[in-house]
Amino acid sequence: METLKSIFRFYINSSIHVALTICALVHVTFQKFEIKGDITFTLFSFVGAVTAYNLIKYSKTSRLYHTRLTKSMKSIRVFTILCSIAFVYFIFILPIDVSIYMLPFVVLSVLYVAPVFPNKRNLRSYAGMKIFIIAIVWAGVTVLVPLVYVKANLNLDFLIEMIQRFLFIVVMMLPFEVRDLQYDDPALETIPQKIGITNTKVFGSILLVVFLLLTALKDELLSSIEILSTISVTTISLLFLWGTERKQSEYYCSFWVESVPVFWLLIIMILERLFV
């Protein structure tokens, strides 16, 4: 049992789960635009996510305590290094336009943690910025970059999908903001800090309603599968949002909330089988 717990903790702490979540969202995009999934781009997304998230989460730990890293942290560091090498490899073998469109999101991710602004501040330290920067990056790397990779037509449906994905990620981040209330500096002015937990849930619910209604504006993507899958993921997201409490189980956010995109992909795949 302890071995299984250790494996699961490594799975969460090494960002494998969040990387699979990003891969799931990439494939949601592929499914929606009727594009055959590509293993090369999926692996690129996976190793890129692991690299980015672990560098953000553990850069300070590695710098301050590199001589006293636990066995788990040492494994995470080795895993991150291997993923970083793989990420650089994919950068060189993928089309140049993928790298060009990926660059702004890489820069945003670096500025999110790098103290390059006055008074050694980073983007995360600016009031109210954190959740929206993350949403922009996730929307870009799971909608824009995959469609650029397959040279899809960036039409009105693409723009609506980008907005929807942005709104979806903002809502998915709200439970994390509630969870981190006890740790976040008040200067960050996160949404729960500004308006309280209940109003945060109301705010997230409004965003989900907009997310759902935007589906009606789509042209080529509008279908029974699109409507039903969007209603389903909206419902699931609402349940997790309203189930969020300040004191929550250890893996409520880091596993269950982050699994919503995986549920979304599974719903689309099941509906496609039912409607074929």
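What follows is calculated from the coordinates using simple rules that are stated; it is not laboratory data. All figures in this text were calculated on a predicted structure; none of them were measured in a lab. Here Cβ is always computed from backbone atoms with ideal geometry, including for glycine, and neighbour counts include all displayed protein chains.
Observations on the structure shown:
- Remark on region 117-197: ratio of C-alpha radius of gyration to 2.2 N^0.38 Å is 1.32.
- Residue of Leu154, Leu241, Leu111 that the Gaussian network model of the chain assigns the largest fluctuation, springs spanning Cα pairs under 10 Å: Leu154
- For the chain, with +1 on Lys and Arg beta carbons and -1 on Asp and Glu, the positive-most of Leu55, Gln193, Ser45 along the dipole: Leu55
- Estimated [θ] at 222 nm from DSSP helical runs (n ≥ 4, -39500 (n - 2.57)) normalised by residues in the chain, nearest 500: -23000 deg cm²/dmol
- Spatial separation of Cα centroids for region 178-225 and region 233-276, in angstrom: 14 Å
- Label-point separation in nm, Met1 to Ala127, each point 7 Å along Cα→Cβ: 4.9 nm
- Between the listed residues Ala127, Phe87, Ile35, the Cα displaced farthest toward the positive end of the dipole of region 1-144, a dipole computed from Cβ unit charges relative to the Cα centre, is found at Ala127.
- In the chain, excluding the sites themselves, the longest stretch lacking any of the GluC sites (Glu not before Pro) that are in a DSSP loop with at most 15 other Cβ atoms within 10 Å is 35-188.
- Choice from Ile191, Ile169, Ile56 showing the highest fluctuation, given a GNM over the chain with Cα pairs closer than 10 Å: Ile56
- Span-like helix criteria (full DSSP H runs; alpha carbon extent of at least 15 Å along the helix axis; mean Kyte-Doolittle hydropathy of at least 1.0) are satisfied in the chain by 16-32, 71-93, 96-113, 156-179, 197-213, 224-242, 260-275.
- Which listed pairs, of Lys5/Lys201; Lys5/Lys247; Lys57/Lys194; Lys130/Lys247; Lys74/Lys201, have C-alpha distances above 29 Å, in listed order: Lys5/Lys201; Lys74/Lys201
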